Amino acid sequence: MSVAMREAFGKKVAELGKTNDRIVVLDADVSSSTKSGLFGNEFPERFFNVGVAEANMVGVAAGLATAGLHPIVNAFSIFLALKATDQIRNVFCYNKLPLVIAGAYGGLSDSYDGASHQSITDIAIMRALPEMEVIVPCDAQMAESALEYALTQNKPVYIRLNRNAVPDVGLPFDAAQKKGVVVKEGSDVTLAANGITLSATLEAAQILEGKGIKAEVLAMPFVKPFDVQTLKASVEKTGRLVSVEEHTVVGGFGSACLEALSTEAFNYSYRAVGVEDRFTETGGYDELLVTYGISGANIAAKAEELV
Amino acid sequence: MNPILQSLIENKPFTPLDATQLSALAANLRLEMFDVLHSRQTGHWGGASSAAELTTALYFNRMNVNPDNPRDEDRDRFILSKGHASMNLYTVLAHRGFFPVSDLPGFRTLGSHLQGHPSMNKTSGVDMSTGALGHGLSIGIGMALASQVNNRDYFTYVLSGEGCLDEGQTWEAMLSASKFKPRKLVYMIDYNGVQLDGTSNDIMPLDPLADKFHSFGWNVASSEFDGHDMNSILDSFAWIDSDDIWPKAVIYKTVKGKGVSFMEGKNTWHGAPIDDDSYSKGRVELLADIEKKEALL
């Protein structure tokens, strides 16, 4: 287990603040949860806690962005995606202003707080916005790379972060390449994993291995822009695809995979792993992931249906 | 345009106009808005007209802007939070030299840089895209805070109507403005009392508005200014400069659809196309107003 993604991200923001004086950080009264307070302690003159007011936070960030600054807005991902969508779309995306949207407590990771706090529609919302980029890191190191990359962009970038310590996969990853990573090679089925679902997907590959099925595992943090080449090369070879995401199966990463392959000439069979079109519930994080199908066993079972 | 006014607004370096000159100019610009809105059969007359004197006074008397360098980092900023009054802003910016006046008839046509609502990356001089109501104050706070982070010294003006004040975001921004106290942030209310669906008293009462600003910790002008009287507007500017307590709010009493008697105060003229008959009758009134004000030049 590595350090929690939010902890690593918060530390990185504070570290980058030392050399990048364009960074300004805003938070909506959750800076001790998002860890943006680490930056706030070091650079109080560049830190703005706006209270529980995500829409205003993003608006204030826009004003700062017009004057050459690079805002990082922090709040729970569900509230950024739902309460500040208008400001993100009509002010940041439309005007192509620089912004890092640090969506904390992504997916089911705010597990005990229940359905009101679990963010399973954020990716669908964010990826529908023109000029937006959407990155879902699989571990702390990838989140840091995503942050460094996002700060080089003169446009909004959404980074979905996890509340908890998730397994440190330690992939060779440079977000600036905007590419997926082939984590394990195989020829029978492609397992495309978005974000922290990578570890469950690797478990699934092991289960399948035991049954003589060679799975190719892709880590696909970029939902937008989407790395068609990496996915295409794999699915063209295997003819089978399972997409895995910690999100509703409506409009998210799986949908992005299908859209990306829709113009390809080859045939393939497909299964989606993610939260079905329903509300989730309170529980321990690991048990919630299993309940909603994000487990090695379920991913392997879906893959087996295709073989 | 009257040749005296034309030479005044073309002066280089630009010299601020006085109240008499501003009044005559605003009357001319209002007519131009009316002409284009009629010819295009789309756009918002009511709120464009109610702010004609306010934006004219800002751009031709008050604001430090440079049409030759529209993104000058030290310029004063203006956000038309009531973005549907775009025809007003475009007319003022064109005559202030940001783009050719001959572009104005292209308002809201496909391919024109004059979008239905202001778009900062399409139209020179527009500091912020607006349209979805309620955004302006938050963004203005950010612009004003940026002047502090960047050690710059400029004013940020935000102009809102009642619609923006109905939006929850504005009240989030009101709260945060009194916390951060952004220097040189001026929130101007074009208080014409009429919204799309009816009077503000019927749709969503806002009075006592000044008291609300007070209770939110703002430095709000104790008197209500007349948003159609240039002397009153210049008095409000003097009040803005009277102390260093921020943020400041100024409420301007205005009339929706000002200048065309049968359109004044009518919510039906919020965004309705101007028909030919109303246009010919309205034009007579607007021309008479110009004549009256130009006689004083």
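Within region A:30-71, track down each residue that is aliphatic (A, V, I, L, M) and over 24 Å from B:Val158 (Cα atoms).
As a first pass, look at region A:30-71 and keep what is aliphatic (A, V, I, L, M): A:30, A:38, A:50, A:52-53, A:55, A:57-58, A:60-62, A:64-65, A:67, A:69.
Passing the criteria: A:Val30, A:Leu38.
Residue by residue through region B:273-297, note down the ones that are surrounded by fewer than 16 Cβ atoms within 10 Å (Cβ to Cβ), touching a residue at least 60 places away in the same chain (Cβ under 8 Å) and not in a helix (DSSP H, G or I).
B:Pro273, B:Leu296, B:Leu297
Does any residue of region B:258-269 turn out to be free of Cβ contacts under 8 Å to residues at least 12 places away in the same chain and within 23 Å of B:Thr42 (Cβ to Cβ)?
Start the filter on region B:258-269 by keeping residues that are free of Cβ contacts under 8 Å to residues at least 12 places away in the same chain, which leaves B:264, B:268.
Then keep just the ones that are within 23 Å of B:Thr42 (Cβ to Cβ); that gives B:264, B:268.
Checking region B:258-269: at least one residue is free of Cβ contacts under 8 Å to residues at least 12 places away in the same chain and within 23 Å of B:Thr42 (Cβ to Cβ).
Taking B:Met230 as meeting all but one of (1) in contact with a Leu (Cβ under 7 Å, 6 or more places away or on another chain); (2) hydrophobic (A, V, I, L, M, F, W, C); (3) over 16 Å from B:Leu58 (Cβ atoms), write down the number of the exception.
Only one criterion is unmet by B:Met230, namely (3).
Against the condition in a helix (DSSP H, G or I) and out of contact with any helix residue (DSSP H, G or I) (no Cβ under 6 Å at 6 or more places or on another chain), how does B:Leu31 come out, does it pass? So that I can check it myself, show each step before the final result.
Numbers: in a helix (DSSP H, G or I): yes; out of contact with any helix residue (DSSP H, G or I) (no Cβ under 6 Å at 6 or more places or on another chain): no.
It is false that B:Leu31 is in a helix (DSSP H, G or I) and out of contact with any helix residue (DSSP H, G or I) (no Cβ under 6 Å at 6 or more places or on another chain).
Identify the single condition in (1) of a type outside the set (Gly, Ala, Ser); (2) touching a residue at least 60 places away in the same chain (Cβ under 8 Å); (3) touching a Ser or Thr at 6+ places or on another chain (Cβ under 8 Å); (4) closer than 17 Å to B:Gly136 by Cα that A:Ile88 does not satisfy, given that it satisfies every other one.
All conditions are met except number (3).
Any residue that is hydrophobic (A, V, I, L, M, F, W, C), under 13 Å from A:Ile299 (Cβ atoms) and not in a helix (DSSP H, G or I) - is there at least one of those in region A:256-275? Working first, answer last.
Narrowing region A:256-275 to residues hydrophobic (A, V, I, L, M, F, W, C): A:256-258, A:260-261, A:265-266, A:272-273, A:275.
Retained after the next criterion (residues that are under 13 Å from A:Ile299 (Cβ atoms)): A:272-273.
Of the ones still in play, those that are also not in a helix (DSSP H, G or I) are A:272-273.
Yes: one or more hits.
Pick out the one residue from B:Ser160, B:Ser176 that is more than 21 Å from the chain's Cα centre (by Cα) and of a type outside the set (Asp, Glu).
Working: B:Ser160 fails: more than 21 Å from the chain's Cα centre (by Cα).
Going through B:Ser160, B:Ser176 in turn, the sole match is B:Ser176.
Looking only at region A:8-18, decide whether some residue is modelled with pLDDT under 95 and surrounded by fewer than 24 Cβ atoms within 10 Å (Cβ to Cβ).
There is at least one residue in region A:8-18 that is modelled with pLDDT under 95 and surrounded by fewer than 24 Cβ atoms within 10 Å (Cβ to Cβ).
I'd like the residue in region A:165-202 that is in contact (Cβ under 8 Å) with a residue 40 or more places away in the chain and of a type in the set (Lys, Arg) and, out of all such residues, is farthest from A:Gly10 (Cα to Cα).
The qualifying residue farthest from A:Gly10 (Cα to Cα) is A:Lys179.
Having 2 or more residues that are facing chain A (nearest Cβ under 8 Å) is the bar; report the helices (runs of 4 or more DSSP H) wholly within region B:89-198 that clear it. I'd like the intermediate steps shown before the answer.
Values: elements: B:136-149, B:162-166, B:168-180.
The helices (runs of 4 or more DSSP H) meeting that bar are B:136-149, B:168-180.
Does region A:28-37 include one or more residues that are small (Gly, Ala, Ser) and within 14 Å of chain B (Cβ to nearest Cβ)? Before the answer, list the steps.
To start, the set of residues in region A:28-37 that are small (Gly, Ala, Ser) comprises A:28, A:31-33, A:36-37.
Of the ones still in play, those that are also within 14 Å of chain B (Cβ to nearest Cβ) are A:28.
Yes, region A:28-37 has at least one match.
Can you name every residue in region B:238-271 that is of a type in the set (Gly, Ala, Ser) and crowded, with 18+ Cβ neighbours inside 10 Å? Before the answer, list the steps.
From region B:238-271, those of a type in the set (Gly, Ala, Ser) are B:238, B:242, B:249, B:257, B:259, B:261, B:265, B:271; that's our starting set.
Of everything in region B:238-271, those that are of a type in the set (Gly, Ala, Ser) and crowded, with 18+ Cβ neighbours inside 10 Å turn out to be B:Ala249, B:Gly257, B:Gly259.
For residues that are among the aromatic types (Phe, Trp, Tyr) and farther than 27 Å from B:Asp166 by Cβ, tally how many sit in region B:75-122.
Of the residues in that region, 2 qualify.
Go through the residues of region A:76-84 one by one and say whether even a single one is free of Cβ contacts under 8 Å to residues at least 24 places away in the same chain, away from every other protein chain (no Cβ under 14 Å), under 27 Å from A:Ala165 (Cβ atoms) and part of a helix (DSSP H, G or I).
So in region A:76-84, the residues free of Cβ contacts under 8 Å to residues at least 24 places away in the same chain come out as none.
The answer is no; no qualifying residue exists.
Looking at (1) β-branched (Val, Ile, Thr); (2) in a loop (DSSP other than H, G, I, E, B); (3) under 21 Å from the mean Cα position of the chain (by Cα), which is the one condition that is false for A:Ile299?
The one condition A:Ile299 does not meet is (2).
Per-residue answers, yes or no, for (1) within 19 Å of A:Thr34 (Cβ to Cβ); (2) in contact with a helix residue (DSSP H, G or I) (Cβ under 7 Å, 6 or more places away or on another chain); (3) free of Cβ contacts under 8 Å to residues at least 12 places away in the same chain:
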residue: A:Thr121; (1), (2), (3): no, yes, no
residue: A:Ala124; (1), (2), (3): no, no, no
residue: A:Ala128; (1), (2), (3): no, no, no
residue: A:Pro137; (1), (2), (3): yes, yes, no
residue: A:Ala140; (1), (2), (3): yes, yes, no
residue: A:Ser145; (1), (2), (3): yes, yes, no
residue: A:Pro156; (1), (2), (3): yes, yes, no
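The conditions are (1) within 14 Å of chain A (Cβ to nearest Cβ); (2) buried (at least 18 other Cβ atoms within 10 Å of the Cβ), and B:Phe213 fails exactly one of them. Which is it?
So B:Phe213 meets the others, but not (1).
Filter region A:273-290 for residues that are of a type in the set (Val, Ile, Thr) and within 20 Å of the chain's Cα centre (by Cα); which is farthest from A:Gly251 (Cα to Cα)? Outline the logic, then answer.
As a first pass, look at region A:273-290 and keep what is of a type in the set (Val, Ile, Thr): A:273, A:275, A:280, A:282, A:290.
Narrowing further to those that are within 20 Å of the chain's Cα centre (by Cα): A:273, A:275, A:280, A:290.
On the way: A:Val273: 13, A:Val275: 11, A:Thr280: 17, A:Val290: 21 Å.
Going through the qualifying residues, I end up with A:Val290.
Restricting to region A:229-264, what's the tally of residues that are within 17 Å of the chain's Cα centre (by Cα), within 13 Å of A:Thr190 (Cβ to Cβ) and surrounded by fewer than 24 Cβ atoms within 10 Å (Cβ to Cβ)? Before you say what the answer is, go through the steps one by one.
Let us first name the residues in region A:229-264 that are within 17 Å of the chain's Cα centre (by Cα), namely A:243-257.
After this cut, where a residue has to be within 13 Å of A:Thr190 (Cβ to Cβ) as well, the list is A:243-244, A:254, A:257.
From the residues that got through so far, the ones that are surrounded by fewer than 24 Cβ atoms within 10 Å (Cβ to Cβ) too are none.
Total satisfying the criteria: 0.
So the check is Cβ under 6 Å with 6+ separation or different chains; which pairs have a first residue in region B:57-76 that's closer than 17 Å to B:Leu159 by Cα and a second one that's hydrophobic (A, V, I, L, M, F, W, C) and surrounded by fewer than 18 Cβ atoms within 10 Å (Cβ to Cβ)?
B:Arg62/B:Phe237
Residue-wise test of (1) assigned by TED's automatic domain parsing to the domain that holds A:Asp227; (2) surrounded by 19 or more Cβ atoms within 10 Å (Cβ to Cβ).
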position: A:Glu144; (1), (2): no, yes
position: A:Asn154; (1), (2): no, no
position: A:Gly170; (1), (2): no, no
position: A:Phe173; (1), (2): no, yes
position: A:Ser199; (1), (2): yes, no
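Scan A:Gly63, A:Gly51 and give me the residue that is free of Cβ contacts under 8 Å to residues at least 12 places away in the same chain and either away from chain B (no Cβ under 14 Å) or within 30 Å of B:Phe78 (Cα to Cα) (or both).
Working: A:Gly51 fails: free of Cβ contacts under 8 Å to residues at least 12 places away in the same chain.
So the residue among A:Gly63, A:Gly51 that is free of Cβ contacts under 8 Å to residues at least 12 places away in the same chain and either away from chain B (no Cβ under 14 Å) or within 30 Å of B:Phe78 (Cα to Cα) (or both) is A:Gly63.
Go through (1) outside any strand (DSSP E or B); (2) touching a residue at least 24 places away in the same chain (Cβ under 8 Å) one by one and return the number of the condition A:Gly212 breaks.
(2)
Do we have any residue at all in region B:157-174 that's over 19 Å from B:Lys82 (Cα atoms) and modelled with pLDDT of 95 or more?
Initially, region B:157-174 is screened for residues over 19 Å from B:Lys82 (Cα atoms), giving none.
There is no residue in region B:157-174 that is over 19 Å from B:Lys82 (Cα atoms) and modelled with pLDDT of 95 or more.
Of all residues in region A:164-206, which are part of a loop (DSSP other than H, G, I, E, B), in contact with a strand residue (DSSP E or B) (Cβ under 8 Å, 6 or more places away or on another chain) and within 23 Å of A:Lys224 (Cβ to Cβ)?
First, pick out the residues of region A:164-206 that are part of a loop (DSSP other than H, G, I, E, B): A:164-174, A:178-180, A:185-188, A:194-196.
Imposing the further condition that a residue be in contact with a strand residue (DSSP E or B) (Cβ under 8 Å, 6 or more places away or on another chain) reduces the set to A:169, A:171-173, A:178-180, A:185-188, A:194-196.
A:Val169, A:Leu171, A:Pro172, A:Phe173, A:Lys178, A:Lys179, A:Gly180, A:Asn194, A:Gly195, A:Ile196, listed by residue number.
Okay, residues lined up against (1) among the small types (Gly, Ala, Ser); (2) buried (at least 24 other Cβ atoms within 10 Å of the Cβ); (3) at pLDDT below 95:
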{"position": "B:Leu17", "(1), (2), (3)": "no, no, no"}
{"position": "B:Asp35", "(1), (2), (3)": "no, no, no"}
{"position": "B:His38", "(1), (2), (3)": "no, no, no"}
{"position": "B:Asn61", "(1), (2), (3)": "no, no, no"}
{"position": "B:Arg71", "(1), (2), (3)": "no, no, no"}
{"position": "B:Arg75", "(1), (2), (3)": "no, no, no"}
{"position": "B:Phe78", "(1), (2), (3)": "no, yes, no"}
{"position": "B:Ala85", "(1), (2), (3)": "yes, yes, no"}
{"position": "B:Arg96", "(1), (2), (3)": "no, no, no"}
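The values are calculated or read from the model by the stated rules, or taken from the named source; none is laboratory data. Bear in mind that the values here come from a model prediction, so they are computed numbers and not experimental data. Positions of Cβ are backbone-derived with ideal geometry, glycine not excepted, and every protein chain shown enters the neighbour counts.
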